[in-house]
Amino acid sequence: METTAKAAENHAAIVLQNLTFTYPEREQLVLRDVSLTVNTGEFVVLCGPSGCGKTTLLRQLKPTLALHGRLSGEILFEGKPLRKLSQRDAASKIGFVLQSPENQIVTDKVWHELAFACEVLAAAVALSWGRGNPEWTVQVAPSNRKLSKRSIAAAAMILLAIPLTIYVGIYFFGDRKYYFISLLIILESMLPFALIFESRKPQARELVNIAVLCAIGVAGRVAFFMLPQFKPVVAVVIIAGVAFGGEAGFLVGAVTGFVSNMFFGQGPLTPWQMFAFGIIGFLAGILFRKGLLLRSRTALCIYGGLTTFLIYGGIMNPASMLTSQPNLTWEMLWPYYLQGIPFDLVHALATVVFLYIAAEPMLEKLDRIKVKYGLVE
C-alpha cells in the first residue's frame, strides 16, 4: 500500500516491487527480488548478458505477452496493480516491440499495420456503445439500422424463390432430384453477394470467414453424431447472421445442411433442412440489424431456443410427412408435430447450450477480424 501511494504521488509510470519469476517445472529463479521504478518521461535502458532475464522481465510488463510461470511480487502501472488493468488500457498505453519485429507483423502493408491498433481500439468503443444504458448494450446504433440492397434482395430470394424451388422439386420432380434442388438453393442464396461485388472483384479474405463458419457447422454436426438432435448447427448459423448479416446467415445454414448430409446421407429432406437452418440465420441477422435482437448471451439463447423449436421444428415436422406419405390429409399433420416435440426440445436445448458457451467469444473474434480486414457486412 505504501508503494502504491508513493507511485501515485511521484507520478511513476512503472514500479516493480520484489518481483520474482520461475519458469514452470524449474527450480532456478529467472528473476529474483527485482525492484525498479520508471518515472513518467524517463528513457531507461535495461542491459545485461544474454540469458540474464531482460526479455522475461520486460514481457511481464505487457499482460498479453507475459510468460507462464510462478510469479511473485507486485507490478504497478500508473499507481495501480498491472493485473487489474483493462485490456483496452493495456493495448492503448503499453507498447512492446519484439526482439524480431518481423514476427510481430500481422498485416500485408505498412499503413495497415500502423492503423491496426487504432482500428482495434475504435472497434472496442463501437462494441461498448451505449454501455451506460443497458437497453442499448450490444445493439446496432439507430443510425445504422437501414437494410442494404443485398439484404432486401436476399429477403426476396429466401422468402419467394427458394420456397418455390422446393415446391418445384416436390411436385414436378417427384422429390427425387434433391441433389439438384439443394444445389439450386445454394446458388440462389449466393446471388445477393453478387450485389457487393458488382463493381469490383471479391477478395478471398472477404469470403473465407463464411467458409470457415460453414466448416465449423459441418464439423460440429458430425462431431455430435452420436447424440440425436443435439447439434451446434443452429448456434453457428445464428452467430454467422449476427456477425455478417442475414444473407450470410442463410448461406452458412444452407451450405452446412448440404455438406453435413454428405456424412449423414442425402435425401428428400436435405433441401428442407437447408432452408430451415438458413431462415433462422437470416432472421437473426435482420432482427439484429433492425435493433430487435440484442447481441447479449441471454437474448441470443432465447432467440435460438425459440426459433429452433418453432421454426426448425415447424418446418421439418410437416416436411417429414410430405416426403414420406403418398396420400396426405390434414389429420396426419398433428401426429407428426406431436412425435417431433421431444426431438425439437432436445435440438432447442442444444442450441441454447452452444450459444451460451460460444456466442460471445466467437462474435468478439469475428468483430476483430472484420475491423482488421475491413470485411463486408
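Coordinate-derived values only; no laboratory data. Bear in mind the structure is a predicted one, so any value in this text is a computation, not a measurement. Methodologically, a virtual Cβ is constructed for each residue, glycine included, from the backbone with ideal geometry; neighbour enumeration extends over all protein chains shown.
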Calculated on alpha-carbon atoms, Rg and Dmax of the stretch 220-377 in Å: 15.9, 56
Cβ-Cβ cut-off under 14 Å around V30, Lys and Arg +1, Asp and Glu -1: the net charge is +2
